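The values are calculated or read from the model by the stated rules, or taken from the named source; none is laboratory data. None of these values were measured; they are calculated from a predicted model. Ideal geometry is used to build each Cβ from the backbone, glycine not excepted, and the neighbour counts take in all protein chains shown. Note: accessible area is taken over every heavy atom of the protein model, side chains too, but ligands, DNA and RNA are not part of it. Shrake-Rupley method; radii C 1.70, N 1.55, O 1.52, S 1.80 Å.
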Amino acid sequence: MAGGAEIKAPSPNVNGKAEILKGNFEPTATEVESLPPVVPENGVEKPSEKSRNIVLGRNVHSTCLTITEPEVNDEVTGDKEAQMAGVLARYRKNLMERTKYHLGYPYNLDFDYGALAQLQHFSINNLGDPFIESNYGVHSRQFEVGVLDWFARLWEIEKDEYWGYITNCGTEGNLHGILVGREVFPDGILYASRESHYSVFKAARMYRMECVKVDTLVSGEIDCSDLRPKLLANKDKPAILNVNIGTTVKGAVDDLDVVIQTLEECGFSHDRFYIHCDGALFGLMMPFVKRAPKVSFKKPIGSVSVSGHKFVGCPMPCGVQITRMEHINVLSSNVEYLASRDATIMGSRNGHAPLFLWYTLNRKGYKGFQKDVQKCLRNAHYLKDRLHEAGISAMLNELSSTVVFERPRDEEFVRRWQLACEGNIAHVVVMPNVTIEKLEFFLNELVEKRSTWYQENVQPPCIAAEIGKANCVCALHQ
């Protein structure tokens, strides 16, 4: 077994045709990505429905950066290198510009990993089981196991009782957790709230599992009064449940204790159900929120997953998946080619991700994350209150930093601020890099835009059905 590295607690389309990008590249020039047009329905644009049509990404072939063969004299002239340097410089400036207006997706952009640049020259691959070293020697298993041990302590499970690995994204964590549940209970039924992440239902399709969708409360939390009759209707089959530690759109947290109680009251003993906790964002925030329901392996749960590129702030997508050792043998198999065992989804895994996670967990520790959580919750409450003061319907769940509000009418505004939308609502996810100044900048622009969207006979929409009457400040509910 690999030893754990200790972590201490504390050019637009022209006439509809794709054009190849031409001209010389100027390293100091920058071109901010323009916004795509709203795609009209059946070729006819209806002004009243413009904001509800899905905005498709532009035709990638109009903006792709073509790969060309080097010229014979490129090594002498250096033209090729200069051209590529110009492309990268423009791309970097575009990234800097877009980062200024990033509010709708849960990525912590407040990080500095300059110290790890020295390791980017190596092809680090943690293929196979993180606890069994393979013949491939360029790995970071010692860092990976250190990270896993840290999360095991956070979720209260002993080292010899858990198994886990660093995944390539949060979706992989859900795919793995639900797969373990399916292997433990091959005839089990998957239950998940309608507001669960789409990857949960993707897993059901991939594994050909029977899936029962459960209604939610207005907050987005699973409605156990709807879960109960659906469990009772299938008492003859084991239950595999996905519990959300922060839903995708509203940031709602399912009450794990109430879910377990509902299972028990419906006659499901602990050996007849498996619970996977999807903690993509809030799985790392919840332990630092007072009065928050505790996610712990001391409770009858089977697995927990969390994203590493969200609250932690890893610069590449990754995640952490932890399950019980007793469950993993059903998935694990020997791989002679690796001289190891493998129970992961992907096999080859990014060996750089554990380094970034290990580095951040060491620098911040529990106290650092607690400080970040408090900042996020405080700023989220600030935004919600300021939206209400401006006469804008908004909702914020008690344990969340996701502020839900009325969907802007202008899709250009949505794209500018990179807002995530669903139906009549949009949200801002307040992360550690989101400051009060940035929120004020966003709010002032939103208020100014709304003054042009809503005039005389045009009123803001009622979104009471989505966020509750108490949070809606439309003409009907003021």
Exercise for the section: Tally up the carbon and sulfur contribution to the accessible surface of region 308-398 as a whole percent, 1.4 Å probe, everything protein left in place. Expected result: 49 percent
Practice task
Mind checking which of V253, P317, Y274 is farthest towards the positive end of region 193-323's charge dipole, using Cβ charges of +1 (Lys, Arg) and -1 (Asp, Glu) about the Cα centre?
Solution key: P317
Problem - Karplus-derived 3J(HN,Hα), 6.51/-1.76/1.60, for each residue of region 378-395, Hz, glycine and proline x - result: 5, 5, 5, 4, 4, 5, 4, 5, 5, 5, 4, 4, 8, x, 10, 5, 7, 9
Completion exercise
Per its Cα gyration tensor (rounded if a/c is under 1.5, else prolate when a/b beats b/c, else oblate), region 341-478 is best filed as prolate
Problem - Carbon/sulfur fraction of accessible area - region 99-214, other protein chains in place, 1.4 Å, % - result: 51 percent
Problem - Sites N334 and E71 - FRET efficiency at Förster radius 60 Å, r taken between beta-carbons, to 0.05 - result: 0.75
Completion exercise
One finds the C-alpha centres of region 100-147 and region 432-474 to be spaced, in Å, by 39 Å
Completion exercise
Residue separation between K298 and V447 times 0.36 nm, minus their alpha-carbon distance, gives in nm 48.9 nm
Handout entry: Structure-based [θ]222 nm, the chain - -39500 (n - 2.57) summed over DSSP H runs of at least 4, per residue, nearest 500
Key = -10000 deg cm²/dmol
Exercise for the section: Work out the length of the dipole vector of region 374-440 about its Cα centre, built from +1 on the beta-carbon of each Lys and Arg and -1 on the beta-carbon of each Asp and Glu, and round it to the nearest 20 debye. Expected result: 180 debye
Completion exercise
Once phi for every residue in region 420-431 is put through the Karplus expression 6.51 cos²θ - 1.76 cosθ + 1.60 (θ = phi - 60°), the whole-Hz ³J(HN,Hα) values, with Gly and Pro written as x, are 8, 10, 8, x, 8, 10, 9, 8, 10, 9, 7, 10
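Would you mind calculating the gained length between S123 and E437 on full extension (0.36 nm times residue separation, minus the Cα-Cα distance), in nm to one decimal? Walk me through the intermediate numbers first.
On the way: separation 314, 0.36 × 314 = 113.04 nm, distance 4.02 nm.
Working it through step by step, the gained length comes to 109.0 nm.
Hey, what's the Cα Rg ratio for region 274-321 versus the globular rule of thumb, 2.2 N^0.38 Å? Working shown, then result.
Values: Rg = 11.3 Å, N = 48, 2.2 N^0.38 = 9.6 Å.
Normalised Cα radius of gyration, region 274-321: 1.18.
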Fill in the blank from the handout: Given pairs K250/K384; K250/K469; K202/K250; K250/K367; K290/K371 and cut-off 23 Å on Cα-Cα distance, the over-length ones are K250/K367
Problem - Per residue value of the accessible surface for the chain (all protein chains in place, 1.4 Å probe), Å² - result: 49 Å²
Problem - Overall dimensions of region 345-401 as given by Cα atoms, namely Rg and Dmax in Å - result: 17.6, 51
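How much of the pair distance distribution for region 159-213 lies past 13 Å, counting alpha-carbon pairs only, in percent? Present the calculation step by step, with values, prior to reporting the outcome.
On the way: 895 of 1485 pairs.
Result: 60 percent of Cα pairs exceed 13 Å.
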Fill in the blank from the handout: Kirkwood Rh over alpha-carbon pairs of region 232-386 plugged into Stokes-Einstein at 10 °C, 1.306 mPa s gives a D in µm²/s of 89 µm²/s
Problem - Cβ charges +1 (Lys, Arg) and -1 (Asp, Glu), total dipole of the chain, debye - result: 780 debye
